[in-house]
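Note sheet for the following structure.
The values are calculated or read from the model by the stated rules, or taken from the named source; none is laboratory data. Only a predicted model underlies this, so the values are computations on that prediction, with no experimental measurement involved. Cβ: placed from backbone, ideal geometry, glycine included. Neighbour counts: every protein chain shown. For accessibility, only protein heavy atoms count, side chains too; no ligands or nucleic acids. Shrake-Rupley method; radii C 1.70, N 1.55, O 1.52, S 1.80 Å.
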Amino acid sequence: MSLIIGSHVSFSKDEQLLGSVKEALSYKASTFMFYTGAPQNTMRLPLDDNLTNQGLELMNKNNIDINNLVVHAPYIINMANDKNYDFNVAFLKEEINRVTKLGVKRLVIHPGSHVGLGEDVGLNNIIKVLNTVINKDTYPMICLETMAGKGSELGTNFEQLKYIMDNINVKDKVFVCLDTCHINDAGYDLNKFDDILNEFDNIIGLDKLKVVHVNDSKNAINTHKDRHENIGLGTIGFKNLNYVVNHDKLKDVPKILETPYVIYEDKKYPPYLFEIDMLRNQKDNSNLVNDIVSYYK
Ligand code: FE
Ligand code: FE
Ligand code: ZN
């Protein structure tokens, strides 16, 4: 089977899912991820069924499987802070409804930051929210993302994610999204990815891994920064990222790039067409930035 790879794409007011599919196709992607509105806020427009259907049709024509699509919940939701409990629950319920209506099966969410409440309190707050919004009829797989450990972020190691998962009442709804930049920044050595996978399998179970975020990192291992870099230009490097993306044990898991746009003369250009090409052909590109700029300029 060919590689399931794509990037985050926009979900615009005017074109919604149809626009997301068009953007993904412009990168020659075989899947994609989007936010159902701006990632940094929770304003959400009603879904237009007509645009959804046109998007699904275009996906069909291009062999993009809806089951591999990913939605990312807005990152301002902080489930670990119980001060926001009512808002978090209300928004997440609505987000799950939107994702269900679109037919998207994978919903990625950041576990949250304990903001001084302490790790245990934070983790238990996350569990409380998830147990309120998840029930046996929940359609999407809720994928908790591994975090870099910036500030008081939780989900920075597999044990914390396992603790959350163990305390969810409906066990078969909660999964994991592994972000390569985040685990590097959290202290996992991507030069030894098989050891990471074994550890993941022992603690959580590899069958729980449902999304991989493929990002290089601007920072060294264990620095808890969370700044993404383009493929091959960071501290993780092409060789290691290519190994992750083309790993046999992950062949059914969608890989999503969240690497930064390239800035050139005050304009921003998406890197994904070229990064997907590198990973699909398993060939490093030392000319990445130039290639991107000259293609779009
Ligand atoms: Fe994320
Ligand atoms: Fe991510
Ligand atoms: Zn990140």
| Roughly speaking, what is the stretch gain from residue 66 to residue 22, that is 0.36 nm per residue apart minus the C-alpha to C-alpha distance, in nm to one decimal? | 14.4 nm
| query | Which FRET efficiency, nearest 0.05, do residue 139 and residue 227 yield, Cβ-Cβ r, R0 25 Å? | reply | 0.15
| query | What's the FRET efficiency of residue 87 with residue 14 using the Cβ-Cβ distance as r and R₀ = 35 Å, to the nearest 0.05? | reply | 0.80
| remark: Under the Karplus relation with 6.51, -1.76 and 1.60 and θ = phi - 60°, whole-Hz ³J(HN,Hα) for segment 254-261, x at Gly and Pro, equal x, 10, 10, 7, 10, 7, x, 4
| task | Starting from the Cα-Cα distance between residue 249 and residue 290, subtract it from 0.36 nm times their residue separation and give me the gain in nm to one decimal. | result | 11.4 nm
| request: Could you grab the relative contact order for the chain? Cα pairs under 8 Å, six or more apart, rounded to a whole percent. | output: 16
| task | Could you work out the Rg to Rh ratio of segment 5-296, with Rh taken as the Kirkwood radius (inverse of the mean 1/r over all Cα pairs)? | result | 0.95
| remark: Under 5 Å from the placed amide H of residue 115, counting only residues 5+ away or on other chains, we find 152
| task | Using label points projected 7 Å from each Cα along Cα→Cβ, tell me how many nm separate residue 166 and residue 277, to one decimal. | result | 4.8
| task | Counting only C-alpha contacts under 8 Å and six or more residues apart, can you give the relative contact order of segment 165-256 as a whole percent? | result | 31
| task | Pull up all non-local amide H partners of residue 11: gap of 5 or more, or a different chain, and H-to-H distance under 5 Å with H placed in the peptide plane. | result | 35
| query | How high is the relative contact order of segment 241-290, given as a whole-number percent (alpha carbon pairs under 8 Å, six or more residues apart)? | reply | 29
| task | Using a 1.4 angstrom probe on the protein heavy atoms only, line up 7, 2 by accessible area, largest first. | result | 2, 7
| Among the Cys residues of the chain, which have no other cysteine Cβ under 4.7 angstrom away? | 181
| message | For the ranges 37-45, 141-149, 168-176, 156-164, what's the packing order if you count other beta-carbon atoms within 10 Å of each residue, average per peptide, and put the highest first? | response | 141-149, 156-164, 168-176, 37-45
| field | Helical contribution to [θ] at 222 nm, DSSP H n ≥ 4, -39,500 (n - 2.57), averaged over the chain, rounded to 500 | value | -11500 deg cm²/dmol
| message | Going by amide H atoms built from the backbone, whose H comes under 5 Å of the H on residue 262, apart from near neighbours? | response | 269
| request: Just report the Cα centroid separation between segment 149-183 and segment 256-294, whole Å. | output: 30
| Once both labels are modelled 7 Å past Cα along the beta-carbon direction, what's the residue 128-residue 203 spacing in nm? | 2.5
| Given +1 on the Cβ of Lys and Arg, -1 on the Cβ of Asp and Glu, and no further charges, what dipole in debye does the chain carry about its Cα centre, rounded to the nearest 20? | 420
| remark: Of the listed links 93/136; 93/162; 208/249, those spanning more than 19 angstrom between alpha carbons are 93/162
| request: Take the solvent-accessible surface of the protein heavy atoms, probe 1.4 Å, and return the percent of it on the chain that carbon and sulfur atoms account for. | output: 47
